[in-house]
1. With respect to Ser249, determine if the residue is touching a residue at least 12 places away in the same chain (Cβ under 8 Å), small (Gly, Ala, Ser) and on the phi > 0 side of the Ramachandran plot.
2. So, Thr103, is that one of a type in the set (S, T, N, Q) and within 27 Å of Leu287 (Cβ to Cβ) or not?
3. Hey, can you tell me all the residues within the range 170-179 that are farther than 11 Å from Glu132 by Cα and either in contact with a Phe, Trp or Tyr (Cβ under 6 Å, 6 or more places away or on another chain) or open to solvent by 40 Å² or more (accessible area, probe 1.4 Å) (or both)?
4. Any residue that is modelled with pLDDT under 90 and acidic (Asp, Glu) - is there at least one of those in the range 161-174?
5. Within the range 270-285, which residues are outside any loop (DSSP other than H, G, I, E, B) and surrounded by fewer than 19 Cβ atoms within 10 Å (Cβ to Cβ)?
6. Looking only at residues that are assigned to a helix (DSSP H, G or I), within 21 Å of Ala73 (Cα to Cα) and modelled with pLDDT of 95 or more in the range 1-44, which one is least open to solvent (accessible area, probe 1.4 Å)?
7. Within the range 213-227, take every residue that is open to solvent by less than 40 Å² (accessible area, probe 1.4 Å) and within 30 Å of Ser256 (Cα to Cα) and give me the one that is modelled with the lowest pLDDT.
8. Out of the range 244-254, which residues are within 18 Å of the chain's Cα centre (by Cα) and surrounded by fewer than 24 Cβ atoms within 10 Å (Cβ to Cβ)?
Amino acid sequence: MASIERLDYRPQTSARAMRGKAYTLGVLASEIHNPFFADVFVGISRKLAGTQYQPLLGVSQSLGSNEASLIEAMLDRQVDGLIWIAPRVGKDVLEATARKIPTVLVAYHDPETVAFDTANADDEKGARLAVEHLCQQGYRKISMVNVRWPNITGAVPHRRERGYLAAMAKYGLDDHARVLYSEESAIDVGPLTEIMLRGQDRPDAVFCWNDFAALEVLSEAKRAGLDVPRQLAIVGIDNMAFSKLAQNSLSSVDQSAEALGEHAASMIFERIDGRKNPRHILLEPRLVVRGSSA
C-alpha cells in the first residue's frame, strides 16, 4: 500500500475487465442540450454513488450513425452494462446490442421485448393529460408541435402524438386535430411556430412534445403580440427547471426524469448480476399547471 501511494499507482480498467468487471457503465444519450437527459443522468449518478461503478458518457448528437460507433467504442472499452437514453436506431440494432451487453433503455417503449429492460413515463397518458386540461379550460383548436423522428415504433414522440390524437377524439375535436413537425432538431421549432401563429387558421392552444419546443412557441407568441393564455395556451412535457421561471410559467407534464435514471441504474445492476427476465417500468406522469394555460 505504501508503494501504491508513493507511485500514485492506478489499476488499469481494461486489465480488470479481463479478470471480471470493469466497474464501468456506458451511458448513451442522443443529445445534451435538453435538460431531460441531464436529469436522467443525475438519477443514474445518484444510484451509482457509493458503488465501485463509474459512468462513461457518450452523446450521439441525434445521429443514428454516431450511436452505432459510440456503442462499438463502449464495447471496446468493455463496459459492464449500457443505459441508452432515447435511441435513434431500429429495434434490430437495439436487440443485437443487448445480446452483447446488459442493456436498459430510457425513453423508448417496447414492453414486449425480452432482450432489454425499459424505463419510461407513460407518454401517451401524459399527452392525454395535457389535452384534457386544455379542453377543460375551454380551448378547442388545439394543435400539436412534434419532431420528425426516425420511423421507430417505440419512440417517445410517436407515443405522445398518439396520446394527443386519442384525447382530441375523446372530446370530439378530430376536425381541429393538427400536428406540425419540426425537422431533425428537437429544439429549433421557431420557423415552424411563426408560420403556425401568423397564419389565418391560428390555433387557440398548442401542446408541444417537449418543453424546449413549448418555450419556442411561447417566445414566438410574445413576438406576435399574442396574450398567453387568453389568446393562446401552451403546454409542454418534461417540467424542466426553465419552465418554472416566472417569465415562462410554462404548464408542463412532469415525467420524473431523475427517477427514470435511478430505475435504469437499478435494473442494469440486476442485469449485470445475471437477471434474464425483462423488466419494463412505466411511471405515472403528473400535470403541473402554470400561467401559460390557466
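1. Answer is yes for this residue.
2. No.
3. Answer for the range 170-179, where residues must be farther than 11 Å from Glu132 by Cα and either in contact with a Phe, Trp or Tyr (Cβ under 6 Å, 6 or more places away or on another chain) or open to solvent by 40 Å² or more (accessible area, probe 1.4 Å) (or both): Gly172, Asp174, Asp175, His176, Arg178.
4. No, every residue in the range 161-174 fails to be modelled with pLDDT under 90 and acidic (Asp, Glu).
5. Residues satisfying the conditions are Glu270, Ile272, His280, Ile281, Leu282, Leu283.
6. Selected residue: Ile44.
7. Restricting to residues being open to solvent by less than 40 Å² (accessible area, probe 1.4 Å) and within 30 Å of Ser256 (Cα to Cα), the top hit is Glu220.
8. Of everything in the range 244-254, just one residue is within 18 Å of the chain's Cα centre (by Cα) and surrounded by fewer than 24 Cβ atoms within 10 Å (Cβ to Cβ), namely Asp254.
The values are calculated or read from the model by the stated rules, or taken from the named source; none is laboratory data. All figures in this text were calculated on a predicted structure; none of them were measured in a lab. Ideal geometry is used to build each Cβ from the backbone, glycine not excepted, and the neighbour counts take in all protein chains shown. Surface accessibility is based on the protein's heavy atoms, side chains included, excluding ligands, DNA and RNA. Shrake-Rupley method; radii C 1.70, N 1.55, O 1.52, S 1.80 Å.
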